[in-house]
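Here's the structure we're looking at; comments come further down.
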Amino acid sequence: MIGPGTVRTASDLVPSLERFWTVSATALDQLAENWTAEDGAPVYTVEGRYTSRGWTEWTQGFQFGSSLLQFDATDEVRFLESGRANTLAHMPPHLTHVGVHDHGFNNVSTYGNLWRMAREGRFEATTAEIDGWELARRVSGAVQAVRWTTTSDGDGFIHSFNGPHSLFADTIRSLRSLALAHQLGHRLLGEHDEPIGLLERLVQHARTTARYNVYQGTGRDRYDVRGRVAHESLFNTNDGRYRCASTQQGYSPFTTWTRGLAWVMLGYAELLEFLETIDDSALEPLGGRRDIVGMMLEAARATCDFYIETTPSDGIPYWDTGAPGLAEMPGHRERPADPHNSHEPVDSSAAAIACQGLVRLGRVLESTDPAAAQHYTLAGLTTLATLLDAPYLSTDPDHQGLLLHAVYHRPNGWDHVPEDSSIPRGESCLWGDYHLREAAVYAGRLARGQEHSFFGAEAGGVS
C-alpha cells in the first residue's frame, strides 16, 4: 500500500524536476541522433537502444510529443521546432487511421500539445498553423468516434484494433480526441447526413467501460473486487451483449494488469475535468450531469483506491497484481518495489501514468472532499517522487530511454531480459518516457500555482 512520503506539495519536487529536465534533454538528443523514419516508431529499448515492435505505430505521437513537453517545461526552442517539424512530416497518416483506438495517444500528444501551447501564447504561431492544428483535432476525434460498436443496453464503445467485439481499458484516454473535437464544435455526420454526437459517444464509451471493465465490488463474479480492472471486455457482435472479461497484456482476465488500471485512473480523472466545461443542457439528454459525473467519479475513485491499496509503498506497481511470482514475495505491498527481484518485473510506465491520475483526481475533489483530495494527491506525489530518482530515472548518457524498469508485453515475452536476470528490467518504453514528462510538466505548473488542462485552455493564458 502506498504510504505517505516526504513530499507534501508539488513545490517539494522542484529540485528533482530541475534535474529531471536536464536528464530528459539528453535522452531526447540520444533518440533523435539514432532514429530514422525507416526504423518505424520507437517502442521500447533493448540494451538501452530504442527499437520498433508492436501491433500498430501507436507510440509515434509520444516520440514527437516528448519534444513538445520538453519545450513546455524549459522554453528550449529547438525542442519545439523538432516536435513541430516532425508532427508535420510524420503524423498526418495517424489523423485518418480508421483501424486503431489510440487517437488520443498519437494525435493529442502532438497536434493537441501544439494547439494548447499556441493558445497559451507560449510561442508565435500563424493563424493558418493554429487553424491546421484545430482541423487535425476535429478530424482525429471524428475518425476515432466512427470506430463504434453498439451494445445491447443502448450504449456502445470505440472498439480496439482486435475488432468490433473488443473493448480495451486503454481507450478511455483516447476519449480526449472526442472531447477536444466536441469543444471545437465539430459535427460528425453519418449516412443520410444523420448527426453522430461526439459528446454522446464519449459519455457512452465512458459508461460502458465503467460498467464492464471496472469492477465495482457488487458480486458480478467471484473475482469482483472494487476498483479492479479488466484489460479487455468481449461482446457478441450479433446482438451487442457482454460475454466475458479478457486480457491481451495481463496475466489473466481475473487479475489486474496495472498499466490498464493506470489508463483508467488517468482517463476518468481527465474526463471529470472536461465535464466542468460542458453545460448542463448538453448532458441532460445523455443522462444528466449528476449521473454522468457520479459514474465517472466512482470509476476514478474505485480504481485509484485499488491502485493505492495493492501497490508497494513507494508507488511503483508490479506488472500485474496477480502475477504468479508475487506468491514468492510475501509482504511485497508493504515495502518499496524491487525492480531487481528474481520473480516478477515492476512496470514503472504504469506508475508514470497513474501518478498523474491520482493528482488530477485530487484536484477534482478539492472543493467537495478535501480529505480525499489530499489522500489521492499525496499518493500521486509520492509515486512521482520515486520515479524522479534512482533506480527509475536513467542517468546513463548512453541510454536512449528516460524511465527505467518498464514492461511492454510480459505474456508475449517481448521485453528484454538481461543475462544476469530472470525477469525484464533496466529498459524503457516510449509511453513511459512521455507520461513521466507529462506528469513532470503538470507538477511543475502546480508548483507555480498554475493549472494544466487541455480542456480549460484559454487563448492567451496558461490554464
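Just so you know, all these numbers are worked out from the coordinates, no wet-lab data involved. A quick note: this is a predicted structure, and the numbers were derived from the prediction, not measured. When we count neighbours, we look across all protein chains shown, and the Cβ atoms used for this are built from the backbone with ideal geometry, even at glycine.
Of note:
- Only one entry of Ala337, Ala327, Ala371 meets the criterion of being crowded, with 24+ Cβ neighbours inside 10 Å, without any contact (Cβ under 8 Å) to a residue 40 or more places away in the chain and either out of contact with any helix residue (DSSP H, G or I) (no Cβ under 8 Å at 6 or more places or on another chain) or among the β-branched types (Val, Ile, Thr) (or both), and that entry is Ala337.
- Tallying residues that are aliphatic (A, V, I, L, M) and either crowded, with 18+ Cβ neighbours inside 10 Å or within 14 Å of Asn113 (Cα to Cα) (or both) within region 44-84 yields 4.
- Summed over region 85-102, the residues that are touching a residue at least 60 places away in the same chain (Cβ under 8 Å) and surrounded by 13 or more Cβ atoms within 10 Å (Cβ to Cβ) give a count of 3.
- Residues that are free of Cβ contacts under 8 Å to residues at least 24 places away in the same chain and in contact with a His (Cβ under 7 Å, 6 or more places away or on another chain) within region 103-138 are absent altogether.
- Selection count where residues are part of a loop (DSSP other than H, G, I, E, B) and out of contact with any strand residue (DSSP E or B) (no Cβ under 6 Å at 6 or more places or on another chain), scope region 208-247: 18
- Cβ separations smaller than 9 Å between residues 6+ apart or across chains give the following pairs from region 7-21 residues that are under 13 Å from Val359 (Cβ atoms) to residues that are among the basic types (Lys, Arg) and part of a helix (DSSP H, G or I): Ala10/Arg445.
- Selection count where residues are in contact with a strand residue (DSSP E or B) (Cβ under 8 Å, 6 or more places away or on another chain) and assigned to a helix (DSSP H, G or I), scope region 1-38: 4
- Within region 357-368, if we keep just the residues that are without any contact (Cβ under 8 Å) to a residue 12 or more places away in the chain and either closer than 22 Å to Gly444 by Cβ or of a type in the set (D, E, K, R) (or both), the residue that is surrounded by the fewest Cβ atoms within 10 Å (Cβ to Cβ) turns out to be Glu366.
- Cross-chain or 6+ apart pairs with Cβ under 8 Å, region 264-275 first and over 13 Å from Ser174 (Cα atoms), then of a type in the set (Ser, Thr, Tyr) and not in a helix (DSSP H, G or I): Glu273/Ser453
- Filter result (under 14 Å from Ser349 (Cα atoms) and either of a type in the set (D, E, K, R) or surrounded by fewer than 18 Cβ atoms within 10 Å (Cβ to Cβ) (or both)) within region 239-265: Arg259
- The one condition in (1) buried (at least 24 other Cβ atoms within 10 Å of the Cβ); (2) touching a Gly at 6+ places or on another chain (Cβ under 6 Å); (3) closer than 23 Å to Leu286 by Cβ that Leu167 fails to fulfil: (2)
- Restricting region 340-356 to residues that are more than 22 Å from the chain's Cα centre (by Cα) and crowded, with 17+ Cβ neighbours inside 10 Å, the residue that is nearest to His231 (Cα to Cα) is Glu344.
- Taken over region 148-176, residues that are part of a loop (DSSP other than H, G, I, E, B) and over 20 Å from the mean Cα position of the chain (by Cα) amount to 8.
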